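The values are calculated or read from the model by the stated rules, or taken from the named source; none is laboratory data. On a predicted model such as this, the values are computed, not experimentally measured, just so you know. Ligands, DNA and RNA are excluded from the accessible area calculation, which covers all protein heavy atoms including side chains. Shrake-Rupley method; radii C 1.70, N 1.55, O 1.52, S 1.80 Å.
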Amino acid sequence: TKGGVGKTTLAFVLATAIANRISGQSDYRVACVDADPNTTLDLALRKAAFPEIISMTSDAEALLPSLREAQSLADLVLIDLEGSANQAMLYAAGKSDLVIIPAQPSAFDVREARRTAGVVQQAADLVDREIPVRIVLTRTPVLRQRVADHARDQFSKASLTILDVELVQRTVFQTMTYTGQPPFLADAKSNATANVDALVDAIAAVVGLPLHARRSRAA
């Protein structure tokens with residue numbers, strides 16, 4: 001429900017990294033549904049030009065048909081939402097196997113993450129099933145600071161599960177918005193690439209998504 005926490009950055013690095021590491025049985029390995037009116041994720045993916053990824057835009061009214069189309073075309077569907085609690089969020093959560101809530105280590109983000117988790121619980125009640133939720137700390141400093149540990153404590157007290165892997169603040173996550181190149185293409189041996197790989201592994205473990213080792217991609 002909060003803007004500026006790195007939702008689109010997270011969605012972009014996950015989509016490109018997972019597309020590189022899953023075996024596709026459908027037309028596309030990953031489909032991304034961008035339900036944010038700014039369509040930032042869709043623009044970034046079109047610039048990246050990954051043939052393994054299909055990107056489509058949607059809104060609250062068209063989200064469910066968009067999801068059905070995405071599921072018919074791809075092995076995995078990622079949904080990027082705008083930073084507000086709205087009908088699209090409720091629909092998306094109700095269809096999800098996992099809801100990832102990015103949050104920066106701040107009291108504001110802890111509060112908004114709890115609010116987002118509340119929307120997910122509403123969706124779970126509507127569909128009568130449990131919907132797993134995981135918090136991902138984003139834009140954390142390279143050198144660990146006490147504020148991040150404090151944020152972890154606050155999430156724990158709120159009964160929200162937080163992934164052990166954070167998305168660390170690095171320059172490559174800004175430059176990729178201009179180049180369209182995710183970290184593993186910009187520098188396969190960089191700390192940013194290792195960071196994203198570890199995050200993908202952690203998320204894949206939650207949903208049981210089979211992955212193989214990262215592979216080279218022809219230019």
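Over the chain, the Kirkwood radius and the radius of gyration, each from Cα atoms, give a ratio Rg/Rh of 0.94.
So what is the 222 nm mean residue ellipticity for the chain from helices alone, if each DSSP H run of at least 4 adds -39500 (n - 2.57) and you divide by all residues, rounding to the nearest 500 deg cm²/dmol? Each step should come with its number before you reach the end.
On the way: 9 runs with 104 residues, N = 219.
When only DSSP H runs of four or more count, the value is -14500 deg cm²/dmol.
Note on region 1-53: Cα-only Rg and Dmax are 11.6, 35 Å. For region 51-149, the average shadow cast by the Cα convex hull is 7.8 nm², which is a quarter of the hull's surface. Solvent-accessible surface of region 91-171, taken per residue with a 1.4 Å probe and all protein chains present: 57 Å². Counted residue by residue at 0.36 nm each, then reduced by the alpha carbon distance between them, the extension gain from Arg115 to Glu130 reaches 3.7 nm.
Using 0.36 nm times the number of residues separating Asp149 and Ala49, minus their current alpha carbon distance, what extension gain do you get?
On the way: separation 100, 0.36 × 100 = 36.00 nm, distance 3.77 nm.
Contour length minus Cα-Cα distance gives 32.2 nm.
For Ser216 and Ala60, calculate 0.36 nm times their separation in residues minus their Cα-Cα distance, and state this gained length in nm to one decimal. Intermediate values should be presented prior to the final figure.
Details: separation 156, 0.36 × 156 = 56.16 nm, distance 3.71 nm.
Here the answer is 52.4 nm.
Quantify, in whole percent, the carbon and sulfur part of the accessible surface of the chain (1.4 Å probe; protein heavy atoms only).
Values: 5380 of 11010 Å².
Answer for the chain: carbon and sulfur cover 49 percent of the accessible area.
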